[in-house]
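Take a look at the structure below.
The values are calculated or read from the model by the stated rules, or taken from the named source; none is laboratory data. What you see is a predicted model; the values in this text were computed from it and never measured. FYI the Cβ positions are ideal-geometry reconstructions off the backbone, even for glycines, and counts take in every protein chain you see. When the accessible area is computed, the model is the full protein with side chains, heavy atoms only, and any ligands, DNA or RNA have been set aside. Shrake-Rupley method; radii C 1.70, N 1.55, O 1.52, S 1.80 Å.
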Amino acid sequence: MNYTLHQLQIFLKICETQSVTKAAEQLNLTQPAVSIQLRNFQDQFDIPLTEIVGKKIFITAFGLEISEVAQSILQKVEEIQYKSDAYKGLLVGKLTIAAVSTGKYVIPYFLTEFLQEYKGIELVLDVTNKSKVLDSVANNEVDFGLVSILPETIAVFNESLLSNEIVLVAGRKNYEKYHTTKIHELNQLPVIFREQGSGTRFKMEQFFKQHNIQIKRKLELTSNEAVKQAVIADLGVSIMPVIGIKNELKNGDLKIISLKELPIITDWNLIWNSHKSLTPVAKAYLEYIKKNKQSIIAHYW
């Protein structure tokens, strides 16, 4: 066999994207170039790596096994470069993190000094909703995910960062109207929800179900920032993480409606796929977190 690292990279990207076109786009290559390399790679095996059904490409069982080996080989190649740089006193490479949207108020504080110390590290941070974060972790597309609710459907390791308080908040006018609300009266209030797939939405629905509350007046928005602005504008009340609304609470734009059943307490967790082989950069970051998280929390929170 005489396959190249380039062919392994292309085949692995095709497996990830399930598309020659998308693989070409992500690798900044032409589609014919990717197709030629896939054909050259396939020619070295007697068993099909892929099959075409309709116009869609599918990876065979044999192809999936080869992709696992290809990923292992490419990781070892990266390690060779990392070891070479380490002997020169350098730590370089890419650190990839997918964070839930509210996590943007958390993760920067756990990155700043690490990136200042290791200037050769490239950070790729994807801020999205919980479902997409878990997909990225499950599919081994990122080094770490940042979530406030540990997944039940995928096997992960985790490192707890800090606690997360979720409270009921209102704008100035709505607070005057609703500040004496009891839990059984929540179904009469206009409540603003995050979109499906959000961790905050999940905890809200759990809370309402636990207390047998049927919300009658509901507004759904697609980001934490949109929910915050809608609550400030008195469109309704919402259950939100304190960490994302500190300034608004401080200046009085938002106020906490006290309920004995709240706050909901969760933990911010850094998670990674339990089957993942961490790169030297990811290992260094995890060690940094374990060593420094308490001082970071004391400094910023």
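For the chain, the dipole from Cβ point charges (+1 on Lys and Arg, -1 on Asp and Glu) about the Cα centre works out to 1020 debye, to the nearest 20.
Size descriptors for segment 237-301, from the alpha-carbon set: Rg then Dmax equal 17.1, 47 Å. Think of the chain as a dipole: +1 on every Lys or Arg Cβ, -1 on every Asp or Glu Cβ, centred on the Cα centre; then among 286, 224, 32, 224 lies furthest on the positive end.
At R0 = 41 Å, how high is the FRET efficiency between residue 135 and residue 177 if r is their beta carbon distance? Nearest 0.05 is fine.
On the way: r = 40 Å, r/R0 = 0.98.
So, using R0 = 41 Å, E works out to roughly 0.50.
Ellipticity at 222 nm from helices only: DSSP H runs of n ≥ 4 in the chain, each -39500 (n - 2.57), divided by the residue count, give -13500 deg cm²/dmol.
Here segment 1-75 has 53 percent of its accessible surface on carbon and sulfur atoms, given a 1.4 Å probe and all protein chains in place.
Can you give me the accessible area per residue for segment 1-98, using a 1.4 Å probe, in Å²? All intermediate terms of the calculation are to be shown ahead of the outcome.
Numbers: 6170 Å² over 98 residues.
Value returned for segment 1-98: 63 Å² of accessible area per residue.
Tell me the per residue accessible area of segment 214-301 using a 1.4 Å probe; a whole number in Å² is fine.
Values: 4550 Å² over 88 residues.
Roughly 52 Å² per residue, with all protein chains present.
With a simple spin-label model that places each label point 7 Å from the Cα along the Cα-to-Cβ direction, the separation between residue 150 and residue 112 comes to 2.9 nm.
About the Cα centre of segment 152-301, how large is the charge dipole given +1 on each Lys and Arg Cβ and -1 on each Asp and Glu Cβ? Please answer in debye to the nearest 20. Spell out each step's value before the answer.
Details: 21 positive and 15 negative charges, 27 e Å.
Computed about the Cα centre, the dipole is about 120 debye.
Residues whose amide H comes within less than 5 Å of that of residue 254, counting only those at least five positions distant or on another chain, are 249 (H built at 1.01 Å from N in the peptide plane). Summarising the strand pairing of the chain, around 60 percent of its internal DSSP beta bridges are antiparallel.
A 27 angstrom limit on the alpha carbon distance is what I want to check against. Which of 76/293; 132/250; 132/276; 22/276; 119/276 exceed it? Don't jump to the answer; show the numbers that get you there.
Values: 76/293 30 Å; 132/250 32 Å; 132/276 18 Å; 22/276 24 Å; 119/276 25 Å.
Among 76/293; 132/250; 132/276; 22/276; 119/276, the Cα-Cα distance tops 27 Å for 76/293; 132/250.
Cross-link partners among aspartates and glutamates for residue 130, C-alpha distance below 19 Å, same-chain residues fewer than 8 apart left out? Candidates past the 8-residue exclusion: 141, 143, 152, 159, 165, 195, 205, 220, 225, 267.
The Cα atoms of segment 1-74 give a gyration tensor whose axes a ≥ b ≥ c have a/c under 1.5, which makes the shape rounded. Cα-Cα pairs above 32 Å in the chain: how many percent? Of the Cα pairs, 42 percent sit more than 32 Å apart.
In this structure, the amide hydrogen of residue 237, modeled 1.01 Å from its nitrogen in the peptide plane, lies closer than 5 angstrom to those of 191, 192, counting only residues at least 5 positions away or on a different chain.
How much of the accessible area of segment 157-252, in percent, comes from carbon and sulfur atoms when a 1.4 Å probe is used?
About 48 percent, which is the carbon plus sulfur part of the accessible surface.
Scanning residues 5 or more positions from residue 220 or on other chains, those with amide H under 5 Å from its amide H are 193, with H placed 1.01 Å from N in the peptide plane.
Can you give the percent of C-alpha pairs in segment 108-209 whose distance is more than 21 Å? Roughly 53 percent, once rounded to a whole number.
Length gain on complete extension for the stretch residue 212 to residue 77, per 0.36 nm per residue less the alpha carbon to alpha carbon distance?
On the way: separation 135, 0.36 × 135 = 48.60 nm, distance 5.52 nm.
Result for the pair: 43.1 nm of gain on full extension.
Only Lys, Arg, Asp and Glu count, each charged at its Cβ (+1, +1, -1, -1), so figure out the dipole size of segment 102-192 about its Cα centre, rounded to 20 debye.
Numbers: 8 positive and 12 negative charges, 134 e Å.
Dipole about the Cα centre, nearest 20: 640 debye.
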